[in-house]
Each structure stands twice: as structure tokens, then as C-alpha cells.
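Contents: one structure, followed by commentary.
Since every read-out is calculated from the coordinates, none of them should be taken as a lab result. Here the structure is a predicted model, which means the values were calculated and not measured. For neighbour counting, all protein chains shown are included, and Cβ atoms are generated from backbone atoms with ideal geometry for every residue, glycine included.
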Amino acid sequence: MSVELLDIIAFVWFMSTWVGYAIFAKSAAKKRNSLSSVLYRYRQEWVKKLSTSGMSEVDSELLGSLERQVSFLASTSLIILASLVTVLGTASDVFMNASSLWFVAEATQGEVQMKMLVMICIFIYSFFTFTWSIRQYGFCFIMFGSSFQTVKYYKDDDNYRALLPNRDYEAMARLLDRAAHSYNYGIRAYYFAMAALAWFINDWIFMIACAVTVYVLYRREFLSSSLKALASARMSSNVNDEEKITFK
């Protein structure tokens, strides 16, 4: 199978934008407001609240809803993978017909199958990240269940305070945050899979789609109105300048 130089350049650009944005987002979140940095503060406060007041039914439902969101996307990744593997054998015929359109570049059977394999690899990666996120949320359930008393059994006691074993609650908050990060990595894989669809049109549109995807991710993570609302709710211009949350 012969691969054109432009295809190689396009693939390198694709990987560079994906990995490069992940590195940039992780570094920038340590200096300025981002969805990751702001939500980590909220997760720390959530664990701190649980360490003093115990777990309510609402807290349990919130944790369960987080896991269900990830489970849905993990299942969706499997369905997409099954579809891609099914289409792989007949992709050449389908896309050869599409290449008659003026804006679609001609592609050999091998090139089409190579691009399909790239799509398959993307969704395999997303499935692994989503399932790892589910497992980490499961770890959180075990930790929270063993650490925090249930509120309803003590609600009639005016002097109620949860009796807790010795735990590193900062570490618990970090694990909850790591589960959310794995979910975030899987979501990014979906975004870049949408960009990879443009590769079936032509290499130039594919590279433009990668750049647009990075721009959309950046806008949503660092400049979105949701982020501004989350930061405003804390009445803080930069959460990285806030005092460190301590656990008693």
C-alpha cells in the first residue's frame, strides 16, 4: 500500500494537535481558570463537606449520575467500533462512489482502509479511557462508603457529626478528579474523531478540521460562559490564587 506524503503530514498534524492540546490544557490549568481547575476546587469542597456532614441520598445520586454518564459513552464507543469494523470490509466501494464529488479527493482501497483503522484506534482509545473512568468512580464509591457515615441514620441528632476513620481526604479528592479527567480524555477523543471524518474528504480539510477542533475545545475549556459562571460563583478571579483547601 502506498501512502502519499500529504497523508503522512496530515496524520502527524492530527496527532500533534491532539497531544499538543492535552499538554497545553494541563499546563495552562495550573496558572489560569479552566473547567478542570475550577471543578477540582469544587470536588475538594465536596469531599470536605462529606468529611464533616456525612453522605446524603443526594450525594449518592450525584455520584451515581456521574458514573452513568461515562457508562453511556463507553457503550456508545463499543457500538461505533462494531459499526466501523463492519464497514471496514466494504468501505472502499462506498468511498469510491463518494470520490466522484468534486470536493472529495480520490483514494485507493488501501488508503480508505488505513483511515478506517485510524478511526477504529480512536474509538478503542476512547473505550479504554471511559472504562477506566468508570473503574475510578467505582473506587470512589468504595472509599466514600467506607469513610463517610450516612446522614439519614443521624438526622434527628442535633449534635450530629460524622464519625470518620483516618483518611487522606486530599487524596480522595484527587481520585475523584482523576476519574473526571479520564472522562474528559474520552470526550476529546470523540471530538477528534469528528475531525478525522474530514480525512475521507481530503487532507487539507482534515487539517483544518483538526485546528477547528482545538479552537472549539479551547473556547469551551478556557473561555466558555459556563466556566465564567463557575468561577463567578466562587467570587474568585483565579482559583489558583485561592487559599489551599485543608481537611481536618
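Here each label is just a point 7 Å from Cα along the line to Cβ, and for M194 and L6 those points are 2.6 nm apart. When the alpha-carbon atoms of segment 1-43 are used, the pair Rg, Dmax equals 16.4, 51 angstrom. Two-decimal Rg/Rh of segment 5-241 from alpha-carbon positions, Kirkwood Rh? With Rg and the Kirkwood Rh in hand, the quotient comes to 1.09. Taking one quarter of the surface of the C-alpha convex hull of segment 167-240 gives a mean projected area of 6.4 nm². Among M143, M119, M15, a tally of other beta-carbon atoms within 10 Å of each Cβ gives an order, fewest to most, of M15, M143, M119. With a cut-off of 20 Å, note down the residues of segment 22-44 whose backbone N falls inside the zone around a label point 7 Å from the Cα of M235 toward its beta carbon. Output list for this probe position: 33, 38-39, 41-44. Return one number: the angle in degrees, 0 to 90 and rounded to the nearest 10, between the long axis of the Cα atoms of helix 203-222 and the longest principal axis of the Cα atoms of the chain. Approximately 10 degrees, to the nearest 10. By the beta-carbon count within 10 Å of each Cβ, the least crowded to most crowded order of I80, I142, I122, fewest first, is I142, I80, I122. At a 10 Å Cβ-Cβ cut-off, how would you order C210, C121, C140, fewest neighbours first? In increasing order of surrounding Cβ atoms, one gets C121, C140, C210. Between V118, V58, V214, the GNM of the chain built on Cα springs shorter than 10 angstrom shows V58 fluctuating the most.
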